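The values are calculated or read from the model by the stated rules, or taken from the named source; none is laboratory data. Please read these numbers as outputs of a predicted model, since none were measured by experiment. Glycine also receives a Cβ, built like all others from the backbone with ideal geometry; neighbour counts cover every protein chain displayed. Areas reflect the complete protein model, heavy atoms only, side chains present, ligands, DNA and RNA absent. Shrake-Rupley method; radii C 1.70, N 1.55, O 1.52, S 1.80 Å.
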Amino acid sequence: MAAYDVETVVSVHHWSDRLFSFRTTRSPGIRFESGQFLMLGLEVDGKPLMRAYSVASANYESHLEFLSIKVPNGPLTSRLQLLRPGEQVLIGHKPVGTLMVDGLLPGKSIYLFSTGTGLAPFLSIVRDPRVYERFESVVLVHCVREIQELAYKNLLQGTLYEHELVGPCARERLIYVPTVTRQPYETTGRITELLESGRLSLLTNLPELDGRTDRVMLCGSIAMTKDLGQLLEHRGLALAKAGHGGHYLVERAFVEQ
Ligand code: A2P
């Protein structure tokens, strides 16, 4: 069996000059769990150029969707951002990554903290009925520099609530908090600031985040996952290691080139 499937781009959406998403066909052999990554790339000079991309679509959907940054001279993203419908990409069969709800101990609320393209795995998770079976409240915080980068805001503020499978649960129990750091917006400030100041609790109408009841997933830049990880440790949350349930899980938003 070939290591990669050839898939066709169905649509492309440019959110800003730094961020775009695209949808592809999905071969039946491609399986993954919500929150996982797949190897994705292009053939360059006769060889596959691949990077780990988290899947933004739900694991039961018939297409695949990915959210990507655009790095001007990045070997892969500078090419991917030129993709048009009908063109082809390579996608690996083997899912990777640790951001899976089952890796966490039971809890009351789950907080999904993301910056930039770190939102992608959480788009898959909030469309997975299992997250609502396991947690009473699902809080998704997306922190970006500029308003335009609040990708999928319309989905998270509206269309998801009409979703056939998870709409009713999402309407009652998903709390989406978009925050912007370099422009005026209704909510501004980094996730670290929202947590430390107590503003997150006011925005969500939930008690302050607490290791005894709450679970967390982090996905974003190295700096963000490091700083937030420290903050969570201070609040009594322990990192979940492979095979051992913990209070929080960390994944970098991998693609940086
Ligand atoms: P800021 O604008 O204050 O740097 P980027 O596009 O560079 O990946 O950043 C995405 C978002 O993550 C930005 O809003 C940025 O805020 C925020 N951010 C960057 N570093 C950290 C950090 N160490 N902790 C929390 N948020 C961060």
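Going by the structure shown, is Val166 open to solvent by less than 60 Å² (accessible area, probe 1.4 Å) and within 16 Å of the ligand (Cβ to nearest atom)? Against the criterion (open to solvent by less than 60 Å² (accessible area, probe 1.4 Å) and within 16 Å of the ligand (Cβ to nearest atom)), Val166 does not qualify. Taken together, Gly211, Gly236, Gly198 contain a single residue that is exposed (fewer than 15 other Cβ atoms within 10 Å of the Cβ), among the small types (Gly, Ala, Ser) and under 19 Å from Leu105 (Cα atoms), which is Gly236. Criterion applied to Gly229, Gly236 was being outside any strand (DSSP E or B), out of contact with any Gly (no Cβ under 8 Å at 6 or more places or on another chain) and touching a residue at least 12 places away in the same chain (Cβ under 8 Å), and the one residue passing it is Gly229. Within segment 66-92, the set of residues being open to solvent by 10 Å² or more (accessible area, probe 1.4 Å), under 18 Å from Thr117 (Cβ atoms) and either of a type in the set (Gly, Ala, Ser) or in contact with a Phe, Trp or Tyr (Cβ under 7 Å, 6 or more places away or on another chain) (or both) comprises Lys70, Ser78, Gln81, Leu83. When Arg173, Arg190 are checked against the criterion of being among the basic types (Lys, Arg) and away from the ligand (no atom under 16 Å from the Cβ), a single residue qualifies: Arg173. Leu80 meets the conditions (1) under 18 Å from the mean Cα position of the chain (by Cα); (2) outside the structural domain of Thr213 (by TED's automatic domain parsing) in every case but one. The failed one is (1). Considering the conditions (1) within 11 Å of the ligand (Cβ to nearest atom); (2) free of Cβ contacts under 8 Å to residues at least 40 places away in the same chain; (3) closer than 26 Å to Phe37 by Cα, Lys241 is excluded by exactly one of them, (1).
Against the conditions (1) closer than 22 Å to His14 by Cα; (2) open to solvent by less than 20 Å² (accessible area, probe 1.4 Å), Asp128 satisfies every one except (1).
Screening the candidates Gly97, Gly107, Gly92, Gly86 for the property of being more than 16 Å from the ligand (Cβ to nearest atom), over 18 Å from the mean Cα position of the chain (by Cα) and on the phi > 0 side of the Ramachandran plot yields one hit, Gly86.
Test of understanding: among Leu206, Leu218, which residue is hydrophobic (A, V, I, L, M, F, W, C), in contact with an Asp or Glu (Cβ under 9 Å, 6 or more places away or on another chain) and under 25 Å from Ser68 (Cα atoms)?
On the way: Leu206 fails: under 25 Å from Ser68 (Cα atoms).
Result: Leu218 is the single residue among Leu206, Leu218 that is hydrophobic (A, V, I, L, M, F, W, C), in contact with an Asp or Glu (Cβ under 9 Å, 6 or more places away or on another chain) and under 25 Å from Ser68 (Cα atoms).
Listed here are the strands (runs of 3 or more DSSP E) enclosed by segment 6-65 that have at least 3 residues being touching a His at 6+ places or on another chain (Cβ under 9 Å): 19-25.
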